[in-house]
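First comes the structure, then the notes that go with it.
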Amino acid sequence: MRLLTAFTALLSIVTATSVFADDNSLNYNIANVQADATRQVSNDEMHATLFVEKSHKQPAELSAQISQLMNQATALGKKFPTVQLKTGSQTTYPIYDNDNQKLKEWRGRAEVQIESKDFKAASQLISELQQSFQTASINFTVSDEQRSKVENELIAEASKNFQQRAQLLAQAWNKSGYNLVSINLNTSNFYPQPMMMRASMAKMEMADSVPVQDVSAGESKITVSANGSIQFK
């Protein structure tokens, strides 16, 4: 029994020593490397938010007015098959007098959101909606399909850049080469700020001032970063 116990203890020491040695081998000649791949991509998708705001002393009448306008917007959106129009948030809240004691009226607000790759059709729809709606914001982004395609290309590019940088680092330290320990690939997107439209410009005539179709959609920067650890040989 004592012999078995002693053998078990000896085996534990040998195993622990082996694990410790393996851990130490991973802690020597380790270097962290980072490499990026970036591309400017033309924005190919338009997003816009328009809203209607009404006031009335009777909440039921207010709700009916807003519902009518929203139904009209939905019907109008169906005339543009290349444009996606969907309803956004809707809120109704009371308005009190200056003393915050007496209820003066009810105010309601409802939004519609537009998304399309067809800038011309989307611009025309926005222009027609502005007969009743106000423009809250317009911005341009890279579509999911285009972004996915570019990211896949940048992943390969970032990986090659990582390998080149790792090899240069190994040469700088007079090493014969390296082994990859770990690597992480991360994607980041930078989109330009949206064009914010002042709410007080109730029926802004975009065709007469700054037509949406004439506004540059701009570009977005897509970056894939490869960062990880290597071990010199």
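Model label points for Glu115 and Glu153, set 7 angstrom from Cα along the Cα-to-Cβ axis, are 2.3 nm apart. Calculated FRET efficiency, Glu145 to Leu185, Cβ-Cβ distance, R0 = 30 Å: about 0.90 to the nearest 0.05. Subtracting the Cα-Cα distance of Leu169 and Gln40 from their residue separation scaled by 0.36 nm leaves 43.6 nm. Relative to the current alpha-carbon distance between Ser89 and Ile30, full extension at 0.36 nm per residue lengthens the span by 16.0 nm.
For segment 65-98, the residues whose backbone nitrogen is under 13 Å from a point 7 Å from the Cα of Gln58, taken along Cα to Cβ, are 65.
Sorting Lys175, Lys78, Lys160 from the fewest to the most surrounding beta carbons within 10 angstrom yields Lys78, Lys160, Lys175.
With 28 Å as the limit, the listed pairs Lys160/Lys233; Lys117/Lys221; Lys78/Lys221; Lys160/Lys221; Lys78/Lys104; Lys78/Lys149 have Lys78/Lys221; Lys78/Lys104; Lys78/Lys149 beyond it between alpha carbons.
Compute the length gained on full extension between Ser176 and Lys221: take 0.36 nm times their separation in residues and subtract their Cα-Cα distance, giving the result in nm to one decimal.
Numbers: separation 45, 0.36 × 45 = 16.20 nm, distance 3.66 nm.
Additional length available on full extension: 12.5 nm.
Each reported figure results from applying straightforward, stated rules to the coordinates on display, with no laboratory input. All values derive from a computational prediction rather than experimental measurement. Backbone-built Cβ (ideal geometry, glycine too); neighbour counts: all protein chains shown.
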